[in-house]
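The values are calculated or read from the model by the stated rules, or taken from the named source; none is laboratory data. Just so we're clear, the structure is a prediction, and the values are computed from it rather than from any experiment. Note that each Cβ is placed from the backbone with ideal geometry, even for glycine, and that neighbours are counted across all protein chains shown. SASA here: full protein model, heavy atoms, side chains in, ligands and nucleic acids out. Shrake-Rupley method; radii C 1.70, N 1.55, O 1.52, S 1.80 Å.
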Amino acid sequence: MKKWFLRNYKNYICLVVAIILLACANLFFEYSNFGSDAIFALNQGLALTTNITIGQSSIIIGVIAFIIILLIDRKSIGVGTVLMTLTMGIFYDLIKALNIIPNIGIMEFDNIILEYGLKLLYIFLAIGIGGFSVALYIYANRGISPLEGILIKINKVTNVPFWLLKIINDVLFFLVGFIMGATIIFGSIIAAC
């Protein structure tokens, strides 16, 4: 047990840090009021439609995706798959409740250049932190996220290129999120590129 722990503890630390950073990236998206990436748009739309928190929405969508991946490709599930599904939303709501990241979306600004400059900064922080968190998650190598697992399985079964599946997935998530009231603006275009 001790040898296993010494071989793997860095991976689990990276995994937890990745999930916490991803929650922070999503808060930067929300607080910018400039849009977000596709999965956050879906989470935001579900939260607005059902009057739950975005963290709770993230867990619900994650559990649905987890059940699907459990049924179609059980081998791709790891500890990271379970932790991402169950804890990202909890970290999101906790970090939001503790006001760790200032919510510039509710602040009053006298200077429009400062306001939009901060919003752009938040978008770029969201994208940068989000990208770094995904790299850490991959480095941890403890299972894929449920949503990516579904796309990978579809790719294996249909031979449709993964990049095309990802684009279709993101367009659908943006569309459904938008229909349910999510903010899809300039930041969404940047995040999609």
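Scan the range 132-160 for residues that are open to solvent by less than 40 Å² (accessible area, probe 1.4 Å) and of a type outside the set (Ser, Thr, Tyr) and jot them down. Write out each step before concluding.
Quick first cut of the range 132-160, residues open to solvent by less than 40 Å² (accessible area, probe 1.4 Å) only: 133, 136-137, 140, 143, 145-146, 149-151.
Matches in the range 132-160: Leu136, Ala140, Gly143, Pro146, Gly149, Ile150, Leu151.
Residue-by-condition table, conditions (1) in contact (Cβ under 8 Å) with a residue 24 or more places away in the chain; (2) of a type outside the set (Val, Ile, Thr); (3) touching a Leu at 6+ places or on another chain (Cβ under 7 Å):
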{"position": "Thr81", "(1), (2), (3)": "yes, no, no"}
{"position": "Ile90", "(1), (2), (3)": "yes, no, no"}
{"position": "Ile101", "(1), (2), (3)": "yes, no, yes"}
{"position": "Ile104", "(1), (2), (3)": "yes, no, yes"}
{"position": "Ile112", "(1), (2), (3)": "no, no, no"}
{"position": "Ala126", "(1), (2), (3)": "yes, yes, no"}
{"position": "Ser133", "(1), (2), (3)": "yes, yes, yes"}
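Could you tell me how many of the residues in the range 145-185 are over 21 Å from Gly78 (Cβ atoms) and assigned to a loop (DSSP other than H, G, I, E, B)?
9
The rows are residues; the columns are (1) over 20 Å from Val171 (Cβ atoms); (2) in contact with a helix residue (DSSP H, G or I) (Cβ under 8 Å, 6 or more places away or on another chain); (3) open to solvent by less than 30 Å² (accessible area, probe 1.4 Å).
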| residue | (1), (2), (3) |
| --- | --- |
| Tyr9 | yes, no, no |
| Cys24 | yes, yes, yes |
| Glu30 | yes, yes, no |
| Gln44 | no, yes, yes |
| Thr53 | yes, yes, no |
| Lys75 | yes, no, no |
| Phe91 | yes, yes, no |
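Which count do you get for residues in the range 64-117 that are in a helix (DSSP H, G or I) and under 21 Å from the mean Cα position of the chain (by Cα)? Talk me through it step by step, then tell me what you get.
Pass one, the range 64-117, residues in a helix (DSSP H, G or I): 64-72, 74-76, 79-97, 104-106, 112-117.
From what is left, the residues that are under 21 Å from the mean Cα position of the chain (by Cα) are 64-70, 76, 79-97, 104-105.
Looking only at that region, the number is 29.
Mind telling me which of the residues Ile20, Ile52 ends up being of a type in the set (Val, Ile, Thr), modelled with pLDDT of 95 or more and within 19 Å of Val134 (Cβ to Cβ)? Can you show your working first?
Values: Ile52 fails: within 19 Å of Val134 (Cβ to Cβ).
Being of a type in the set (Val, Ile, Thr), modelled with pLDDT of 95 or more and within 19 Å of Val134 (Cβ to Cβ) holds for just one of Ile20, Ile52, which is Ile20.
It is to be established whether one or more residues within the range 107-127 are in contact with a Cys (Cβ under 8 Å, 6 or more places away or on another chain) and open to solvent by 40 Å² or more (accessible area, probe 1.4 Å). Show your work before the answer.
Taking the range 107-127 and keeping what is in contact with a Cys (Cβ under 8 Å, 6 or more places away or on another chain), we get none.
So far as the range 107-127 goes, no, none of its residues is in contact with a Cys (Cβ under 8 Å, 6 or more places away or on another chain) and open to solvent by 40 Å² or more (accessible area, probe 1.4 Å).
What's the number of the only condition in (1) open to solvent by less than 60 Å² (accessible area, probe 1.4 Å); (2) more than 30 Å from Glu115 (Cα to Cα); (3) at pLDDT below 95 that Ala38 fails to meet?
Exception for Ala38: condition (2).
Which of the residues that make up the range 167-191 are surrounded by fewer than 16 Cβ atoms within 10 Å (Cβ to Cβ) and within 28 Å of Cys14 (Cα to Cα)?
Ile167
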